[in-house]
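Student: Below: one structure in structure tokens.
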Amino acid sequence: MRVFEPLIELARGLGTTFKIMLEKPVTVQYPEQKKPVKPRFRGRHVLKRYDNGLEKCIGCALCAAACPADAIFVESAENTDDVRFSPGDRYASTYEINMLRCIFCGFCEDACPTEAVVLGDNYELSFTNRRDAIYPKEMLIEPAPAGTLPTPQKVPPGLYTRSVPEMKDPQD
Amino acid sequence: MPKQLVSLIIDGQSVSVPAGTLIVDAAKQVGIDIPVFCYHPKMEPVGMCRMCLVEVGRPVIDRVSGQPVIEGGKPKIQFGAKLETACTTPVSEDMQVVGMSEKARTGRKEIVEFLLTSHPLDCPVCDKGGECPLQNLTMAHGSSESRFKFDDKQHQKKHVPLGDLIWLDRERCIQCARCIRFQGEIVGDAVLDFFRRGRATDIVTYSEPGFDSIFSSNTTDICPVGALTTADFRFGARPWEMNSAASICTHCPVGCNTTLNIRREARSDGNMVIKRIMPRQNEQVNEIWLCDKGRFAHHFSASPDRLAKPLVRTGELVTESSWEEALNLAARSLVEAKQDFIVLAGGRLANEDLFNLKALADGLGGKAALYTHMGGGYLTTLAGVSMDTNFGEMGAGTSILVAASDLYNEAPLWYLRIKQAAARGATLILAGARETKLEKYAAHVIRYAYGDEAQTIKSMQKSKAGQAAAEALASAQNLVVLYGSDGLGLEGSASLAEACAGLLDMTGHAGKPGSGLIGVWPHANDQGAWEMGFQPVADLAAEFKNKLVYIAACDPVGDDPALAEALKSARFVIVQELFQTETTRLANVVLPAQAFTEREGSFTSGERRVQRFYPALPAFGETRPDFSITASLAQKAGLELEGTSALLIMNKIASKYKSFEGLSYARLAEVREQWPLVGRGDIYYGGAIYANTQGLGTRLALLEAGSLPGTKPVESKRPSESELLAIPVCKIYDRGVTVLPSTLLHPHIGDASVSLHPDTAVRFKVQAGSTAQLTVNGTAYQVKVLVDEKVPASVALLPRSMGIPINTPATISLKAA
Amino acid sequence: MSLTEKYPQEVKKILAKYPPEQKRSAVMPLLYLAQRQEGYATRAAMQDIADLLAITPTDVASIIGFYTLFHDEKEGRYRMQVCTDLPCALRGADQFLQELCTNLQVQVGQTSEDDLVTIEEVKCLAGCDKAPMFQLQGENGIEYHENMTVDKTLELIEALRKSGKEVK
């Protein structure tokens, strides 16, 4: 009987192997198939706009202050009614995120008072040198919604007199 | 008489302070921070904001006996039914102050809640965010939730220009009146005030132009919220994003301590630039204030017009060159010139630069001269102010004489501090040919005609107005004399200096503590030059002829185009400068120098105080520090000078010049705790001013006076009925090389102008506000005519450095253009 | 023309009432004087008063802003300040004001078309028992008009329009 014991063990092992072979694999055939991300997934940053096309970012640099990796660089400038980027006094004239420093923690999204910077769903980032890793505002701002003009916009005077736009409570 | 000490207990801690101290200040001295908004330690308390509410208990006094009631061996303390404001309540014996009880805490919380009902949610866009007392005190003392409906917040004008340098945001204003009180009490120019009442209260200015005060930017430091902000720094950067460097302002001889805030910016092509200049506390120089010129005129440092590479001229062609080549050429010419050369230094240079220039001149046998229109400086080294002289401590018993100087334009912080000294009881005597702003505070005003300056000082007793003044001068415990160059050239001012020094001698104050002579120089470091033995020359044209001329930090041809011919007749011209000027255009070798913002060094203020400045920015282009350029040149000419370390040069200065004895960079970097506490956690108390952690500087020792020289008579031009005499005066915003690149000051600089009395304007048939043609020394210029009743008859006031050459009174012709 | 040139005697009389070292106290009577012609204090008048009393124009402006009876903007020739505080309201002052405004085709705070009268709403003129009432501020000073009805008020306005003088 002793000569069968290794065979029995072998059969048990192989049985597990064959059982698994017949099961449906969990492998996702990336890049042809992409698994959808979870709702609060933290991916590439996006600077959002309002429905009328104006940018939400008011250049306050709270995201830069909150960032634990010092990945964000913000410079602000003044809006005029002729050259308007955001509703309010101030907009970000320079907005850069260094993706190599970023740890995708989402503190910037938490800190933003106007829900301008959000961490979106895109995780497919690659660059071949350090300079390309610094994403400027042009790469981060989302395109203008259909039917609106891109910023800077020329707006009628007196429309945007608040320094920080009216905000509603966040939904999620 | 020393004040009596009072003992009291604040939050369980015993403290003993002089009688009359307010509870807030007493608490601060033992490290207890009672929050305030409207109170400022340099101004009278008003008790408007109610943030400093505390519980105050006082000993119960028995009505019959008038003695305190004793219970259990201690006085019985009765606390008031309501909270009291700590800023308006002076201490009293055995008082008990409780700031940490539930009642006091709740009171404070509710006051913050009230303040926030009217305050907009502007923190993300407000420039004050990060250095905002309202933010800090709300976090410390406020409630985490608000009971107020945001829709009910009132909306007001947000971007109101008060003048063109300061913006007001009416919604953010918490009506603490710090700005109004600063302007009214400290500056004496009530150009800000409240308008309307209750919730609609606004800040307004009705002066022409708006907020007409050269101290306007200080209100942005003491404003506890972001209501007052500067136009220069609007949305510039967040306070935590900037680095700081300690520096000294170089626009006038006061030597205000500054902090330069710098940041590396994308909009400046990745260069580090100065974002703003903030005051640095030095209670003996500028306290916690700066004037607007010192605050805003910093853009020259980053100007793209600055010289970045050495330039060499061959014939008519000027080409960029390397340092080696340029220095070799210059050194060769220097050696060839043997002893036939003159070094002309400007007062903008640091002590270390001046030392090297003098050492080069002395070592190679040439002449060293100071480029200036104001003489008499050697007297300030002999009869100058002593170690402990401090305008901030002067009061009754001190007399201050200001002769021929418009301090408001020439040295604003001295104007401010002398005005405050007069308010504290010092006797202020003004001797001037025209009415100036400081006269409002003078006990005696001596008016003379232009040309009679020195004579007036010498024979003060002879005139009736002078007699009372002379009495005050003679009987004073301390006497400080400031002399300027209003309407005076080199000889005139030297003569005036001699008369003033003679006055100090005669009244027995020369060399005594708390007394001395101060020169209101046109540049920051003229005093340093005088201390090192530089002397001015009267006839520059004669000095230039056939000599090698080595010019550093001055523009003689730009100031007087007639010198162009003389400079062309020089053998060889080397110029060390920041920008291309008329002088550099005639130079054989132009060496680009660093601005003071890019290197370290020290300046000597007009009060003979040596102060260090530190590098804030990297070098512009290929510029080198002035002392390094001079040392390289000297080395190639066979003379060894220190060219790498400013610290080592200071050690050499200390060993060579008696008045600098004992000085070193370490000594200059010493700091002491200063009162009031500012900066860091104390921004709510003193304002967003930077604490001084990098050096208070120290005074130079007084040399042995010996006998002061007698006065030589000087022929001065006097006004006469038949002709028009142009008088050189100082205007704070001029076309100086370091001021012009600041475009936001251009409306204040304006065009070249001449000021006349209305009768004079009629006589010469020119109208106020019109353009006229002014001819001086054969050349005609276009000027704007201004009319002012304060201008004396038969003279025309012509500001210096506005494009029209004038250094000493000159006859001019004026006609409508 | 400066204030002193226009009303030399009155200015002198006003200044004489106050000690020379406190002459800034004369600012309020002088402001009433300055307002007489135009119904408001012009910038030039503010400068005049400031020069006379050695204070700044901003100081003068601040006093104008604080008090309801001083004005710095041109409005109607007469200002009708109607009290609508509680006791007056109990006697119908609210309706009075509304009807008056409707009749004159203005909102509260606005001036009538012919720049004659500005209707303003103020608090408590101490005429509570004779409400509805208002005070009329014009070139002849301030007059109280009590126990008024809309008709009586319209008659008053007509009279002002015609003669330029008030009829009690």
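The values are calculated or read from the model by the stated rules, or taken from the named source; none is laboratory data. Fair warning: this is a prediction, and the values are worked out from it, not measured in the lab. Neighbour counts run over all protein chains shown; Cβ positions are idealised from the backbone, glycine included. Ligands, DNA and RNA are stripped out before the accessible areas are found, and what is left, the full protein with its side chains, is counted by its heavy atoms. Shrake-Rupley method; radii C 1.70, N 1.55, O 1.52, S 1.80 Å.
Student: Please pick out the residue among C:D151, C:D129 that is assigned to a helix (DSSP H, G or I), loosely packed, with under 13 Cβ neighbours inside 10 Å and in contact with a helix residue (DSSP H, G or I) (Cβ under 9 Å, 6 or more places away or on another chain).
Tutor: C:D129
Student: Checking the condition touching a Pro at 6+ places or on another chain (Cβ under 9 Å) and of a type in the set (D, E, K, R), which residue from B:E543, B:E565, B:E607 passes?
Tutor: Values: B:E543 fails: touching a Pro at 6+ places or on another chain (Cβ under 9 Å); B:E565 fails: touching a Pro at 6+ places or on another chain (Cβ under 9 Å).
Sole residue among the options that is touching a Pro at 6+ places or on another chain (Cβ under 9 Å) and of a type in the set (D, E, K, R): B:E607.
Student: Tell me, yes or no, whether segment B:38-49 has at least one residue that is surrounded by 16 or more Cβ atoms within 10 Å (Cβ to Cβ), outside any loop (DSSP other than H, G, I, E, B) and within 40 Å of the chain's Cα centre (by Cα).
Tutor: No, segment B:38-49 contains no residue that is surrounded by 16 or more Cβ atoms within 10 Å (Cβ to Cβ), outside any loop (DSSP other than H, G, I, E, B) and within 40 Å of the chain's Cα centre (by Cα).
Student: May I pose another question? Of everything in segment B:521-540, what is open to solvent by 40 Å² or more (accessible area, probe 1.4 Å) and within 19 Å of B:K367 (Cβ to Cβ)? Give them in sequence order.
Tutor: B:Q535, B:A538, B:D539
To keep it simple, each residue is scored yes or no on (1) farther than 26 Å from B:L364 by Cα; (2) outside any helix (DSSP H, G or I); (3) open to solvent by less than 10 Å² (accessible area, probe 1.4 Å); (4) touching a residue at least 12 places away in the same chain (Cβ under 8 Å).
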{"site": "B:E607", "(1), (2), (3), (4)": "yes, yes, yes, yes"}
{"site": "B:Q611", "(1), (2), (3), (4)": "yes, yes, yes, yes"}
{"site": "B:L633", "(1), (2), (3), (4)": "no, no, yes, yes"}
{"site": "B:A666", "(1), (2), (3), (4)": "yes, no, no, no"}
{"site": "B:Q674", "(1), (2), (3), (4)": "yes, yes, no, yes"}
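Student: Can I ask one more? Pick out the one residue from A:Y123, A:Y95, A:Y135, A:Y91 that is surrounded by fewer than 17 Cβ atoms within 10 Å (Cβ to Cβ) and aromatic (F, W, Y). Quick ask: steps written out before the conclusion?
Tutor: Working: A:Y95 fails: surrounded by fewer than 17 Cβ atoms within 10 Å (Cβ to Cβ); A:Y135 fails: surrounded by fewer than 17 Cβ atoms within 10 Å (Cβ to Cβ); A:Y91 fails: surrounded by fewer than 17 Cβ atoms within 10 Å (Cβ to Cβ).
Just one listed residue meets the conditions, A:Y123.
Student: Given the conditions (1) touching a residue at least 40 places away in the same chain (Cβ under 8 Å); (2) touching a strand residue (DSSP E or B) at 6+ places or on another chain (Cβ under 7 Å), report the number of the one that A:A66 does not fulfil.
Tutor: Result: A:A66 passes all but (2).
Residue-wise test of (1) touching a Phe, Trp or Tyr at 6+ places or on another chain (Cβ under 9 Å); (2) of a type in the set (D, E, K, R); (3) on the phi > 0 side of the Ramachandran plot.
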site	(1), (2), (3)
B:Q594	yes, no, no
B:T597	yes, no, no
B:E600	yes, yes, no
B:R608	no, yes, yes
B:Y614	no, no, no
B:L617	no, no, no
B:G621	no, no, yes
B:S628	no, no, no
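Student: Inside segment B:157-166, can you point out the residues that are more than 14 Å from chain C (Cβ to nearest Cβ) and either free of Cβ contacts under 8 Å to residues at least 12 places away in the same chain or surrounded by fewer than 21 Cβ atoms within 10 Å (Cβ to Cβ) (or both)?
Tutor: B:K157, B:K158, B:H159, B:V160, B:P161, B:D164 - these are the residues of segment B:157-166 that are more than 14 Å from chain C (Cβ to nearest Cβ) and either free of Cβ contacts under 8 Å to residues at least 12 places away in the same chain or surrounded by fewer than 21 Cβ atoms within 10 Å (Cβ to Cβ) (or both).
Student: Say we look at segment B:107-156 and pick out the residues that are within 14 Å of chain A (Cβ to nearest Cβ) and not in a loop (DSSP other than H, G, I, E, B); which of these is surrounded by the most Cβ atoms within 10 Å (Cβ to Cβ)?
Tutor: Only one residue tops the list, namely B:Q135.
Student: Now for a different question. Could you check, for segment C:7-21, whether at least one of its residues is surrounded by 14 or more Cβ atoms within 10 Å (Cβ to Cβ) and in contact with a strand residue (DSSP E or B) (Cβ under 8 Å, 6 or more places away or on another chain)? Show your work before the answer.
Tutor: The first filter runs over segment C:7-21 and keeps only residues surrounded by 14 or more Cβ atoms within 10 Å (Cβ to Cβ), leaving C:7, C:10-11, C:14-15, C:18.
If we keep only those that are in contact with a strand residue (DSSP E or B) (Cβ under 8 Å, 6 or more places away or on another chain) as well, we get none.
Among the residues of segment C:7-21, not one is surrounded by 14 or more Cβ atoms within 10 Å (Cβ to Cβ) and in contact with a strand residue (DSSP E or B) (Cβ under 8 Å, 6 or more places away or on another chain), which makes the answer no.
Student: Continuing with this model, one more query. Can you name the residue in segment B:327-350 that is farther than 29 Å from B:E531 by Cβ and touching a Lys or Arg at 6+ places or on another chain (Cβ under 9 Å) and, of all such residues, is surrounded by the most Cβ atoms within 10 Å (Cβ to Cβ)?
Tutor: If we take residues in segment B:327-350 being farther than 29 Å from B:E531 by Cβ and touching a Lys or Arg at 6+ places or on another chain (Cβ under 9 Å), then B:S333 is surrounded by the most Cβ atoms within 10 Å (Cβ to Cβ).
Student: Another one. Is there a residue being among the hydroxyl-bearing types (S, T, Y), closer than 27 Å to C:R36 by Cβ and within 14 Å of chain B (Cβ to nearest Cβ) anywhere in segment C:102-113?
Tutor: Residues of segment C:102-113 that are among the hydroxyl-bearing types (S, T, Y), as a first pass: C:102, C:111-112.
Within this subset, residues satisfying the condition of being closer than 27 Å to C:R36 by Cβ are C:111-112.
This time we only want the ones that are within 14 Å of chain B (Cβ to nearest Cβ), so: none.
Within segment C:102-113, none of the residues are among the hydroxyl-bearing types (S, T, Y), closer than 27 Å to C:R36 by Cβ and within 14 Å of chain B (Cβ to nearest Cβ).
Student: So, one more: Would you list the helices (runs of 4 or more DSSP H) that sit entirely within segment C:23-86 and hold 2 or more residues that are away from every other protein chain (no Cβ under 14 Å) and at pLDDT below 95?
Tutor: C:27-38
Student: A further question follows. Can you tell me which residue is farthest from the other protein chains (Cβ to nearest Cβ) among those in segment A:81-113 that are of a type in the set (D, E) and under 29 Å from A:K154 (Cβ atoms)?
Tutor: Residue satisfying both the conditions and the ranking: A:D82.
Student: Can you list the strands (runs of 3 or more DSSP E) found entirely within segment B:254-356 that contain at least 2 residues being touching a residue at least 24 places away in the same chain (Cβ under 8 Å) and more than 14 Å from chain A (Cβ to nearest Cβ)?
Tutor: Working: elements: B:257-264, B:272-279, B:311-314, B:317-320, B:341-346.
Passing ranges, in order: B:257-264, B:272-279, B:311-314, B:341-346.
Student: Something else about it: Could you please tell me which pairs satisfy a Cβ distance under 7 Å, a separation of 6+ or placement on different chains, a first residue in segment A:138-166 that is within 14 Å of chain B (Cβ to nearest Cβ), and a second residue that is among the hydroxyl-bearing types (S, T, Y)?
Tutor: A:P165/A:T114
Student: Also, I was wondering about something else. In segment A:73-88, which residues are open to solvent by 30 Å² or more (accessible area, probe 1.4 Å) and either at pLDDT 95 or above or under 15 Å from A:K48 (Cβ atoms) (or both)?
Tutor: A:F73, A:F85
Student: Then there is this: State the number of residues belonging to segment A:61-80 that are within 10 Å of chain B (Cβ to nearest Cβ) and under 13 Å from A:E109 (Cα atoms).
Tutor: Within segment A:61-80, residues that are within 10 Å of chain B (Cβ to nearest Cβ) and under 13 Å from A:E109 (Cα atoms) number 4.
Student: Something else now. Output the residues belonging to segment B:189-221 that are on the phi > 0 side of the Ramachandran plot and either open to solvent by less than 20 Å² (accessible area, probe 1.4 Å) or away from chain C (no Cβ under 11 Å) (or both).
Tutor: Passing the criteria: only B:F211.
Student: If I filter segment B:754-771 for residues that are over 31 Å from the mean Cα position of the chain (by Cα) and acidic (D, E), do I get at least one hit?
Tutor: yes
Student: Right, next: Any residue in segment B:182-195 that is closer than 21 Å to A:R162 by Cβ and either free of Cβ contacts under 8 Å to residues at least 12 places away in the same chain or not in a loop (DSSP other than H, G, I, E, B) (or both)? Walk me through it before giving the result.
Tutor: Here is the first cut: in segment B:182-195, the ones closer than 21 Å to A:R162 by Cβ are none.
No, segment B:182-195 contains no residue that is closer than 21 Å to A:R162 by Cβ and either free of Cβ contacts under 8 Å to residues at least 12 places away in the same chain or not in a loop (DSSP other than H, G, I, E, B) (or both).
Student: Residues in segment B:64-106 that are aliphatic (A, V, I, L, M) and in a helix (DSSP H, G or I): how many?
Tutor: If we filter segment B:64-106 for residues that are aliphatic (A, V, I, L, M), which is where we start, we get B:64, B:69-70, B:77, B:81, B:83, B:86, B:91, B:95, B:97-98, B:100, B:104.
Then drop every residue that is not in a helix (DSSP H, G or I), which leaves B:104.
Residues flagged as aliphatic (A, V, I, L, M) and in a helix (DSSP H, G or I) within segment B:64-106 amount to 1.
Student: Starting from residues that are β-branched (V, I, T) and in contact with a helix residue (DSSP H, G or I) (Cβ under 9 Å, 6 or more places away or on another chain), keep the ones in segment B:240-266 and report whichever is nearest to B:T738 (Cα to Cα).
Tutor: B:T250
Student: Right, C:E99: without any contact (Cβ under 8 Å) to a residue 60 or more places away in the chain, assigned to a strand (DSSP E or B), surrounded by 12 or more Cβ atoms within 10 Å (Cβ to Cβ) and not assigned by TED's automatic domain parsing to the domain that holds C:P29 or not?
Tutor: Values: without any contact (Cβ under 8 Å) to a residue 60 or more places away in the chain: yes; assigned to a strand (DSSP E or B): no; surrounded by 12 or more Cβ atoms within 10 Å (Cβ to Cβ): yes; not assigned by TED's automatic domain parsing to the domain that holds C:P29: yes.
Against the criterion (without any contact (Cβ under 8 Å) to a residue 60 or more places away in the chain, assigned to a strand (DSSP E or B), surrounded by 12 or more Cβ atoms within 10 Å (Cβ to Cβ) and not assigned by TED's automatic domain parsing to the domain that holds C:P29), C:E99 does not qualify.
Student: Step by step: first the residues of segment B:222-239, then only those that are within 14 Å of chain A (Cβ to nearest Cβ) and under 19 Å from the mean Cα position of the chain (by Cα), then the one that is most open to solvent (accessible area, probe 1.4 Å). Which residue is that? Lay out the reasoning, then the answer.
Tutor: Just the residues of segment B:222-239 that are within 14 Å of chain A (Cβ to nearest Cβ), to begin with: B:225-227, B:229-239.
Retained after the next criterion (residues that are under 19 Å from the mean Cα position of the chain (by Cα)): B:230, B:232.
Values: B:T230: 20, B:D232: 40 Å².
The extreme case among them is B:D232.
Student: Also, quick follow-up: Please find, within segment A:43-59, the residue that is farthest from A:P113 (Cα to Cα) out of those that are within 14 Å of another protein chain (Cβ to nearest Cβ) and open to solvent by less than 10 Å² (accessible area, probe 1.4 Å).
Tutor: Top of the filtered list is A:E55.
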